[in-house]
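As structure tokens, the structure follows; a few thoughts come after it.
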Amino acid sequence: AAGAVAEAHRLSGTVVLLSAALLHGWAVLREPALPQVAVPRNRKLRAGTRAVEILRIDLEVDDARDGVATQERTLLDCGKRLPDADALAVFDSALRSGFDHRRLVRLADAARGPGVLALRERARRADHRSANPFESGLRSIAFSVPGLRVRPQVPVFSDRFLGRPDLIDEELRIMIEADSFEWHGGRGDLVRDDRRYNAFTVNGWLVLRFTWEDVMFHPEQVRAVLLQAVALRSRRSAA
């Protein structure tokens, strides 16, 4: 992110998209491989430009401060230009950092141009309760599954408090966990989680667990499992 500011000043450009999100203190699902800098569409650049991702974007004067796209402009560009999981991760993080959800929705509703429909849908799906980009990425996949309606970090009770899963569909009683080695690396963590998952299972929940590698590199396999889970629980409900 710091390198992006230097490159933006050198090119008389503006730090945008994920590079700008990082500078605003927001977490991202995937860090950009190169600093992302916007320059006007008609700007001619000298040959030999150093390693930087140049984006041809015409920004208004109020869209940037000190060479960095404002929070509002960053959210609009991310919502229009990024893949769904990456955009949702930025939106969720912005909300966790205090950006008002209603304000985000209003920004999206007022926006115009290519990508605006995706932007508006993503703005409405954003949720501050998603704990990190990994969970946001998993939630993005879940949103693509017909019949699956998930909510993050909802407390679940039976005769006692069972836990607060990463994602649940309360109607189908499907519990979905984003399993990170960082949080499940010790013996005590293993014992705690085994007891927790067993409690959900015996209380009628279908427990599904996905790793970072699943979500980041095999999203189609994650979606296939979720589709099967919805079909299974739908048949059970019908019976």
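The values are calculated or read from the model by the stated rules, or taken from the named source; none is laboratory data. This one's a predicted model, so the numbers in the text were calculated from it and none came from an experiment. FYI the Cβ positions are ideal-geometry reconstructions off the backbone, even for glycines, and counts take in every protein chain you see. All accessible areas refer to the heavy atoms of the entire protein, side chains included, with ligands and DNA or RNA removed. Shrake-Rupley method; radii C 1.70, N 1.55, O 1.52, S 1.80 Å.
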Practice item. Under a 10 Å cutoff between Cα atoms, tell me which one of Asn42, Asn132, Asn198 has the largest fluctuation in the Gaussian network model of the chain. Key: Asn42
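Rounded to the nearest whole Å², what accessible area per residue is found for the chain with the 1.4 Å probe? The partial results should precede the final answer.
Details: 12660 Å² over 239 residues.
Ligands and nucleic acids excluded, the result is 53 Å² per residue.
Leaving ligands, DNA and RNA out of it, report the carbon-plus-sulfur percent of the accessible area of the chain at a 1.4 Å probe.
Result for the chain: 52 percent of the exposed heavy-atom area is carbon or sulfur.
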Revision key, fill the gap. For Val202 and Ser144, extending 7 Å from Cα along the Cα-Cβ vector and measuring point to point gives, in nm, a value of 3.7 nm
Point to revise | Residue-count net charge about Thr14 - beta-carbon cut-off 10 Å; Lys, Arg +1, Asp, Glu -1 | key: 0
Review point. For the range 3-145, what's the relative contact order in percent, using C-alpha pairs closer than 8 Å and at least 6 residues apart?
Key: 24 percent
Exercise for review: Calculate how many DSSP beta bridges within the chain are antiparallel, expressed in % of all such bridges and rounded to the nearest 5.
Suggested key: 50 percent
